[in-house]
Amino acid sequence: MRLLISGGGTAGHINPALAIADIAKKETDAEILFVGTERGLEKTLVTREGYDIKFIDVRGLIRSLSLKNFVVIAKFLKAISDCKKIIKDFRPDVVVGTGGYVCAPVIVAASALGIPSIIHEQNVIPGVTVKIAASKASCIAISFEDTLKYIKPSLHSKCHMTGNPLDEKLVSVNVKDAKARLGMDDKPFIVMIGGSLGAERVNQAMVDFINSCDEKSLYFTSAAGKRYYDNVIEKIDKKKLGGNINVLPYIYNREEIYPAADLIISRAGALSVSEICALGKPSILIPSPNVAHNHQEYNAKSIEKGGGAVVILESELTAQVFKETVEKIIFDKEKQNKMGACAKKMGICNASKRILDIIIRLSEKK
């Protein structure tokens, strides 16, 4: 089987694509090719995992009236043509899109050439890419039942509830073993991520917490994002760094770090929320206010309602609120266990396998 996969921009679109590629490679004889842009994180993340990738030039629409959108549309049409050439050369049996504006021309090109395709939506409310590609795709994979409210009824027959594809290595290690591999004792371990590109307000809360905490009482690892990393490091008391406290541009070894965590502090993108729930981790979620339809707050509130998380809105985020919220959880093992169990009930661990089953069925019909 030959599989063409596209998803780009942020890790929230790329990591599900990699999870699908990994399970396809493990359970079938699939030959896999990715399509992305050179500006997105896929250039680093996909090649890091050893997959081949072809690049196209496509941009996202500007959400206000702008003459620049004429350039965007011209690039989109050119990208469809480029994708047709890639598809003709690679001859995939199935095409998969996991979001980000890069995958829209791939799905449209596949439809024009009669190649079956899947578009996957990670969030409750479909993004622009899914809205463009949904009518062209053979199948729409969704992660929340509520997504059906935002998809045309005429397309519901194409929809399949799969959940968000996760890295299998991420959810197959228990806390004790994960900590042992990292050389940690039983002190509590906090993992903090502000989204794959970083988040300024979240980073400031992290800086304040590190500078005020007793680094001997816990372990703390944070990803500040590449664009903010240097600035963040400058603000932290240098005597705090190293040893139990680590601040990184990006956490590449998520499968080693996340399972060891006793508490995860994160934005509330769909993939992050799905990983936290699948792992059964208590969390503090700080939804980004700078996303379409405010979908991160919706994601976060749904986990909080189920008992698995505490939500801090960015407008309410202060050093004191952050520190008090963290300390109420991280030094209370009973509370951690209760929140973790609630999160686990909401997790879907086999989404990658569900999507692979759809891929195989589509390839057999071709």
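The values are calculated or read from the model by the stated rules, or taken from the named source; none is laboratory data. All values derive from a computational prediction rather than experimental measurement. Cβ atoms come from the backbone with ideal geometry, glycine included; neighbour counts cover every protein chain shown. Calculation scope for accessible area: heavy atoms of the full protein, side chains included, ligands and nucleic acids excluded. Shrake-Rupley method; radii C 1.70, N 1.55, O 1.52, S 1.80 Å.
Quick check on region 21-28. Is at least one of its residues open to solvent by less than 10 Å² (accessible area, probe 1.4 Å), assigned to a helix (DSSP H, G or I) and closer than 26 Å to A278 by Cα? Yes; the residues of region 21-28 include at least one that is open to solvent by less than 10 Å² (accessible area, probe 1.4 Å), assigned to a helix (DSSP H, G or I) and closer than 26 Å to A278 by Cα.
Only residues that are over 15 Å from I115 (Cβ atoms), assigned to a helix (DSSP H, G or I) and open to solvent by 60 Å² or more (accessible area, probe 1.4 Å) were counted across region 350-366, and they come to 2.
As a summary of the residue check, V128 satisfies the conditions (1) more than 22 Å from S274 (Cα to Cα); (2) modelled with pLDDT under 90; (3) touching a Phe, Trp or Tyr at 6+ places or on another chain (Cβ under 8 Å) except for the one numbered (1). Regarding G8, is this residue touching a strand residue (DSSP E or B) at 6+ places or on another chain (Cβ under 8 Å), among the small types (G, A, S) and either at pLDDT 90 or above or within 29 Å of R267 (Cα to Cα) (or both)? It is true that G8 is touching a strand residue (DSSP E or B) at 6+ places or on another chain (Cβ under 8 Å), among the small types (G, A, S) and either at pLDDT 90 or above or within 29 Å of R267 (Cα to Cα) (or both). When I190 is tested against the conditions (1) under 22 Å from D93 (Cα atoms); (2) at pLDDT 95 or above; (3) touching a strand residue (DSSP E or B) at 6+ places or on another chain (Cβ under 8 Å), the lone failure is (1). Here A79 meets each of (1) open to solvent by less than 10 Å² (accessible area, probe 1.4 Å); (2) under 20 Å from A141 (Cα atoms); (3) of a type in the set (G, A, S) with one exception, condition (2).
Against the conditions (1) open to solvent by less than 10 Å² (accessible area, probe 1.4 Å); (2) touching a residue at least 60 places away in the same chain (Cβ under 8 Å), I210 satisfies every one except (2). If the condition is being over 28 Å from R39 (Cβ atoms), assigned to a loop (DSSP other than H, G, I, E, B) and either open to solvent by 30 Å² or more (accessible area, probe 1.4 Å) or of a type in the set (S, T, N, Q) (or both), then region 227-260 contributes D237, L241, G243, N244.
Filter region 29-64 down to residues that are within 14 Å of C103 (Cα to Cα) and of a type in the set (G, A, S) and give me whichever is most open to solvent (accessible area, probe 1.4 Å). Of everything passing the filter in region 29-64, G60 is most open to solvent (accessible area, probe 1.4 Å). Within region 30-38, does at least one residue satisfy the condition of being over 24 Å from N123 (Cα atoms), at pLDDT 95 or above, not in a loop (DSSP other than H, G, I, E, B) and not hydrophobic (A, V, I, L, M, F, W, C)? Looking for residues that are over 24 Å from N123 (Cα atoms), at pLDDT 95 or above, not in a loop (DSSP other than H, G, I, E, B) and not hydrophobic (A, V, I, L, M, F, W, C), one finds at least one in region 30-38, hence yes. Against the criterion of being in contact (Cβ under 8 Å) with a residue 60 or more places away in the chain and either open to solvent by 10 Å² or more (accessible area, probe 1.4 Å) or within 16 Å of L356 (Cβ to Cβ) (or both), L18 qualifies. Counting only helices (runs of 4 or more DSSP H) that sit wholly inside region 269-335, those with at least 1 residues that are surrounded by fewer than 19 Cβ atoms within 10 Å (Cβ to Cβ) and among the hydrophobic types (A, V, I, L, M, F, W, C) are 319-330. When region 233-252 is filtered for residues that are farther than 25 Å from L170 by Cβ and among the hydrophobic types (A, V, I, L, M, F, W, C), the ones remaining, listed by number, are I233, I236, L241.
Looking for whichever is modelled with pLDDT of 95 or more, open to solvent by less than 70 Å² (accessible area, probe 1.4 Å), in contact with a strand residue (DSSP E or B) (Cβ under 9 Å, 6 or more places away or on another chain) and within 25 Å of A278 (Cα to Cα) here; the options are I118, I86, I107. Which one fits?
I118
Condition (residue is touching a strand residue (DSSP E or B) at 6+ places or on another chain (Cβ under 9 Å), modelled with pLDDT of 95 or more and assigned to a helix (DSSP H, G or I)) applied to region 90-100: is it met by at least one residue? Among the residues of region 90-100, at least one is touching a strand residue (DSSP E or B) at 6+ places or on another chain (Cβ under 9 Å), modelled with pLDDT of 95 or more and assigned to a helix (DSSP H, G or I), which makes the answer yes. Of the residues making up region 214-226, those that are crowded, with 19+ Cβ neighbours inside 10 Å and over 19 Å from Y252 (Cβ atoms) number 1. Scanning region 141-196 for residues that are basic (K, R) and open to solvent by 70 Å² or more (accessible area, probe 1.4 Å) yields K149, K152, K169, K176, R181.
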